[in-house]
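K.L.:
Next up is a structure, given as structure tokens.
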Amino acid sequence: MKRFLYIIVFIGLLATPAVAQHSQRGKLSPWLRQLVKNLPQPPAKGRGDSATYPGDKERTLIAFIKTTPNDNQVLSDNDCHSLAHYGDLHIASIPVSSLDRLVLDRRVLSIEASPTGHTLMDSMAVHLNATLAHKGLGLPQAFTGQGIVMGVMDVGFDLTHPNFYNRNATEYRIRRFWDQVTQDTIGSLFPVGRDYVTEKDILSLAHSRDGIDIAHGTHTLGIAAGSGYDSPYCGIAPEADICLVANAVYEDLPFIDSTDVYKYTFATDALGFKYIFDYAQEVEQPCVISFSEGSGQDFWGYDLLYYEFIDSLIGPGRILVAAAGNEGHKKNWIHKRRGQESAGTFIFNNDTTMILTLKSPDDFILRLVGYNDEQNDTLLIRPRYTLTQPDSTWAVKSELLNVLFEAYPSCYHAEETCYDVTLSASSSIGTNPLLSLEMVGSNADVELWRYNGWLTTSSINPRLADGEKSHCIHSPSSAPNVISVGATTYRDHIINLEGDTMTYWAGNDGRLVEFSSTGPTMDGRIKPDCVAPGNNIISSYNSYYLEAHPDANDNRWDVARFPFQERTYSWNANSGTSMSTPAVGGAIALWLQACPTLSPTDVLSLLQLTCRHPEPDLEYPNNLYGYGEIDVYAGLLHLLGIDAINDIPKAHTSARFVLKGNTLHIQPSTINLSPSTLQIYDLNGRPVFSTQLPAGQTEYALPLPSLRAGIYAACLGKESTLIRIAPGTFARQ
């Protein structure tokens, strides 16, 4: 038996235009709008007075501001200070008390800010074909990231780990470090924290302010650019110069004074990217940045100014790589198609609040059912009624739960109405009672996105089992010109230093690991762009974290510990797209070494041409793998022009080629049981030498004809490699 608590169906609403009512505060992104709404009323003041909101004295935030063209006065008129700008887009320091004035100023088009997001190799280099590049096997030189700035913005850095020296720990490679959370700000010109520019100052600092309680950045930096220091756990770009920013994420709140909390936003992250790119420009080196953080997208468009500012930073020799996210193991999206009567699921959250987003151009009913022992409570709501309410918000209160709707047009397609739906109860959502949600109406096309909690199932009503594990790419990885990275898995367990088997996500076949977030983006674009290993990846870990938290569970994933300069350091296994992202960043560093002017567009083209396809039956690119798994060596071959020659096999040979004088020595990996043909081509594809190698030999010594200095492709049977002939190799050129 069902008990209907509410039946809200307004017949007259059919004639109501589907346009959300906008207030002046529509210029603000949702977080800022909520911030202003919750502020106490300010005291009355005249123009030029300095009165502030009670309790908010000297409190400022850092945000993006878009102004009318060529207006340089609007910020100073509203007591704001531009920290960086690109045309009419500024990152500005804004007194919280000025927000109301800013939204009323016609010269201000939009203001955007949101709290920063969450944090999201021995075998790594092998799987990505990077070891060939490191050793220069079959290449004109070794590619190790030398002369490239590897930027990492993250949290929890151990700046003293020997992994961030060169291989024998004689040269320190961290060149610059901006700690945005430090309170050591005397004399600093930065809006938050300060930077450290000498080796002495960086090593004396020892760790980022949050480095005692967080270890994430030490691990990701090791994957991108660790030297390996006397271990197999070498990063992808082990000789790159390193520039770091320790930003703030949700986990950093204990380190931030309450009066400064609004300074840590996406805009502050953008300043961190600019800091790294500015350093690379100062030293005249190409640069790639790895960013293993992010948060969900939305239809408000609150990150569009973020994307625009990122576009102003990147370009030839300036690449940004970001994590796709770790939400792929959850159902995130439901689509009720037109002609389908209903679609639904059970919902659950440990918290007392759960947030969903609905999008539809049509009128429909939202049906919520609470399943009790004796009877079911049903709540029927027509979201379209929200459009008739002030500020397009509507609160529905019932015995079952409270529901708050906020309606607005999609920033991507204005004809589509979006509804942010906040469900709140006195206890955990969907526990007592169980709770189901359905979108009803055969004439309506409706989509649902989960912001938090879970879309789940129950035997009480097995029909309600809709939902797909898709549509969950994080921002800024979702930005068109940011390289978005998902994760594959080759190792589902490790043996820790105590000999225990530690098992994490299943899979060792190189396919997508279940947690890896998948596309499409909110506006329907394919993401991620590529994938790399991200499950049980071994890299450096934070010695200060180990010292402060010796019994922490993640320290059980240490595979080794060792002494260095009177401290104990470790190698630790960790998992996530946080791990795959710096691997791709390091790979792009090697590509920049071969071609310093690579742009984001060039990188995407290179991925399309050279990525491996973990599931060959799929069409690529797709919303699981993007273009596929990055292949460092194949990318280098393409940049050097080798794979454009049709007669040259693309498979790399394991035979060893050594040129001594004018004699080419070849050592096959196994004894040839049948004759093989050796052919050598120049980079124009012209054959310059050919011979038959007899069967049964373990080494061949072949005198070559006089050849000009340069790079040549040597083809042995159906495999190939590159050889370099240096000037002066032959007596006559």
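The values are calculated or read from the model by the stated rules, or taken from the named source; none is laboratory data. These numbers were taken from a predicted model, which means no experiment stands behind them. As a convention, Cβ positions derive from the backbone with ideal geometry for all residues, glycine included, and neighbour counts pool all protein chains shown. To get the accessible areas, we keep the full protein, side chains included, count just its heavy atoms, and leave off ligands, DNA and RNA. Shrake-Rupley method; radii C 1.70, N 1.55, O 1.52, S 1.80 Å.
K.L.:
In segment 585-642, what residues are under 24 Å from Thr653 (Cα atoms), open to solvent by less than 40 Å² (accessible area, probe 1.4 Å), part of a helix (DSSP H, G or I) and of a type outside the set (Gly, Ala, Ser)?
P.N.:
Hits for segment 585-642 are Ile588, Leu590, Trp591, Gln593, Leu606, Leu607, Thr610, Val632, Tyr633, Leu636, Leu637, Ile642.
K.L.:
Could you tell me whether Ala322 is open to solvent by less than 10 Å² (accessible area, probe 1.4 Å), within 30 Å of Ser575 (Cα to Cα), in contact with a strand residue (DSSP E or B) (Cβ under 6 Å, 6 or more places away or on another chain) and of a type in the set (Gly, Ala, Ser)? Write out each step before concluding.
P.N.:
Details: open to solvent by less than 10 Å² (accessible area, probe 1.4 Å): yes; within 30 Å of Ser575 (Cα to Cα): yes; in contact with a strand residue (DSSP E or B) (Cβ under 6 Å, 6 or more places away or on another chain): yes; of a type in the set (Gly, Ala, Ser): yes.
When the stated conditions are applied, Ala322 passes them.
Residue by residue, here is whether (1) open to solvent by 10 Å² or more (accessible area, probe 1.4 Å); (2) among the aliphatic types (A, V, I, L, M) holds:
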{"position": "Gly467", "(1), (2)": "yes, no"}
{"position": "Pro480", "(1), (2)": "yes, no"}
{"position": "Thr489", "(1), (2)": "no, no"}
{"position": "Asn508", "(1), (2)": "yes, no"}
{"position": "Gly519", "(1), (2)": "no, no"}
{"position": "Tyr544", "(1), (2)": "yes, no"}
{"position": "Ala548", "(1), (2)": "yes, yes"}
{"position": "Ala552", "(1), (2)": "yes, yes"}
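K.L.:
Hey, can you tell me all the residues within segment 177-233 that are closer than 30 Å to Thr259 by Cβ, small (Gly, Ala, Ser) and either touching a His at 6+ places or on another chain (Cβ under 8 Å) or assigned to a helix (DSSP H, G or I) (or both)?
P.N.:
Ser204, Gly211, Gly217
K.L.:
Looking only at residues in segment 692-733 that are more than 19 Å from Asp647 (Cα to Cα) and of a type in the set (Val, Ile, Thr), which one is modelled with the highest pLDDT?
P.N.:
Among those that are more than 19 Å from Asp647 (Cα to Cα) and of a type in the set (Val, Ile, Thr), it is Thr698.
K.L.:
Report whether or not Ile538 is open to solvent by 60 Å² or more (accessible area, probe 1.4 Å) and either in contact with a strand residue (DSSP E or B) (Cβ under 9 Å, 6 or more places away or on another chain) or among the aliphatic types (A, V, I, L, M) (or both).
P.N.:
Values: open to solvent by 60 Å² or more (accessible area, probe 1.4 Å): no; either in contact with a strand residue (DSSP E or B) (Cβ under 9 Å, 6 or more places away or on another chain) or among the aliphatic types (A, V, I, L, M) (or both): yes.
No; evaluated as a whole, the condition is false for this residue.
K.L.:
Identify the single condition in (1) open to solvent by 50 Å² or more (accessible area, probe 1.4 Å); (2) more than 26 Å from the chain's Cα centre (by Cα); (3) of a type outside the set (D, E, K, R) that Phe564 does not satisfy, given that it satisfies every other one.
P.N.:
With respect to (1) open to solvent by 50 Å² or more (accessible area, probe 1.4 Å); (2) more than 26 Å from the chain's Cα centre (by Cα); (3) of a type outside the set (D, E, K, R), Phe564 is out only on (1).
K.L.:
Still on this structure: Given Ile347, Ile319, which one is part of a strand (DSSP E or B), of a type in the set (Val, Ile, Thr), under 30 Å from Glu284 (Cα atoms) and at pLDDT 95 or above? If you could, list the steps in order and put the result at the bottom.
P.N.:
Numbers: Ile347 fails: under 30 Å from Glu284 (Cα atoms).
On inspection, the qualifying residue turns out to be Ile319.
K.L.:
Let me ask something else. Identify all residues within segment 660-691 that are modelled with pLDDT under 85, surrounded by 14 or more Cβ atoms within 10 Å (Cβ to Cβ), assigned to a strand (DSSP E or B) and of a type outside the set (Ser, Thr, Tyr); write none if there are none.
P.N.:
Once the filter is applied, which keeps residues that are modelled with pLDDT under 85, surrounded by 14 or more Cβ atoms within 10 Å (Cβ to Cβ), assigned to a strand (DSSP E or B) and of a type outside the set (Ser, Thr, Tyr), segment 660-691 yields only Asp682.
Yes/no matrix, rows are residues, columns are (1) within 26 Å of the chain's Cα centre (by Cα); (2) open to solvent by less than 50 Å² (accessible area, probe 1.4 Å); (3) among the β-branched types (Val, Ile, Thr); (4) over 21 Å from Ser398 (Cα atoms):
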residue: Asn332; (1), (2), (3), (4): yes, yes, no, yes
residue: Lys336; (1), (2), (3), (4): no, yes, no, yes
residue: Gln340; (1), (2), (3), (4): no, no, no, yes
residue: Ala343; (1), (2), (3), (4): no, yes, no, yes
residue: Asn350; (1), (2), (3), (4): no, no, no, no
residue: Leu356; (1), (2), (3), (4): yes, yes, no, no
residue: Asp362; (1), (2), (3), (4): no, yes, no, yes
residue: Arg367; (1), (2), (3), (4): no, no, no, no
residue: Asp373; (1), (2), (3), (4): no, no, no, no
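K.L.:
Let me ask you something else. May I ask you to list the residues in segment 279-302 that are assigned to a loop (DSSP other than H, G, I, E, B), farther than 18 Å from Ala414 by Cβ and open to solvent by less than 10 Å² (accessible area, probe 1.4 Å)? Break it down stepwise before answering.
P.N.:
Of the residues in segment 279-302, the ones assigned to a loop (DSSP other than H, G, I, E, B) are 283-286, 292, 296-302.
This time we only want the ones that are farther than 18 Å from Ala414 by Cβ, so: 283-286, 292, 296.
The answer is Ser292, and nothing else.
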